[in-house]
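S.K.: Let me begin by handing over the structure; questions about it come next.
Just so you know, all these numbers are worked out from the coordinates, no wet-lab data involved. These figures come from a predicted structure and were not determined experimentally. Positions of Cβ are generated from backbone atoms using ideal geometry, with glycine treated the same way; all protein chains shown enter the neighbour counts.
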């Protein structure tokens, strides 16, 4: 190949590479193409009121501890009682951004900011799943991701209900751990 042909080939390659890079640069990143969380299809009871916007979407994967205890107002009977959760909160890309634990129910970001909340409503989420939930956030402690959170929704549930194993006065005090997964959607004032 002559020097003239090599120069021409190099020029064509450079123009092709520039065109390809330009085309790629004008494409939106994959993450921005994914639609934001929507409340469409959720029961009205667990929808966040107008005037709020999604601030953070997380997936919580963890476990819930239950304990066999005396049933309130039913002497001689026992039932599984929710003791507390422990879950890792990850963003939509799978990167850990915090944790969820309790009691009291506490959502904590890796930056140290944390929030507790008061339950406003629940709605069924299917057999074997914890219910959908809407909570009103208390003022956050610490500055960071949880600062300004107004509401938290628990949606897309898998598992977490009380165990099916025996709970009777004879097994009182027995604890069991149940796996679960849920999306926790954090909202702030718009």
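S.K.: Which condition breaks for residue 185 when tested against (1) more than 17 Å from the chain's Cα centre (by Cα); (2) in contact (Cβ under 8 Å) with a residue 40 or more places away in the chain; (3) surrounded by 15 or more Cβ atoms within 10 Å (Cβ to Cβ)?
M.R.: With (1) more than 17 Å from the chain's Cα centre (by Cα); (2) in contact (Cβ under 8 Å) with a residue 40 or more places away in the chain; (3) surrounded by 15 or more Cβ atoms within 10 Å (Cβ to Cβ) applied to residue 185, the lone miss is (1).
S.K.: In addition: Scan region 94-105 and tell me whether some residue there is part of a loop (DSSP other than H, G, I, E, B) and surrounded by 19 or more Cβ atoms within 10 Å (Cβ to Cβ). If you could, list the steps in order and put the result at the bottom.
M.R.: So in region 94-105, the residues part of a loop (DSSP other than H, G, I, E, B) come out as 94-95, 102-105.
Within this subset, residues satisfying the condition of being surrounded by 19 or more Cβ atoms within 10 Å (Cβ to Cβ) are none.
Scanning region 94-105, I find no residue that is part of a loop (DSSP other than H, G, I, E, B) and surrounded by 19 or more Cβ atoms within 10 Å (Cβ to Cβ), so the answer is no.
S.K.: Looking only at residues that are in a strand (DSSP E or B) and in contact (Cβ under 8 Å) with a residue 40 or more places away in the chain in region 138-153, which one is surrounded by the most Cβ atoms within 10 Å (Cβ to Cβ)?
M.R.: Residues of region 138-153 in a strand (DSSP E or B): 141, 149-153.
Those left that are additionally in contact (Cβ under 8 Å) with a residue 40 or more places away in the chain: 149-153.
On the way: 149: 26, 150: 19, 151: 21, 152: 23, 153: 24.
Once the filter is applied, the top-ranked residue is 149.
S.K.: Filter region 106-120 for residues that are in a loop (DSSP other than H, G, I, E, B) and closer than 14 Å to residue 90 by Cα; which is farthest from the chain's Cα centre (by Cα)?
M.R.: Going residue by residue through region 106-120, those that are in a loop (DSSP other than H, G, I, E, B) are 110-113.
Still in the running and closer than 14 Å to residue 90 by Cα: 110-111.
Details: 110: 14, 111: 17 Å.
By that ranking, first place goes to 111.
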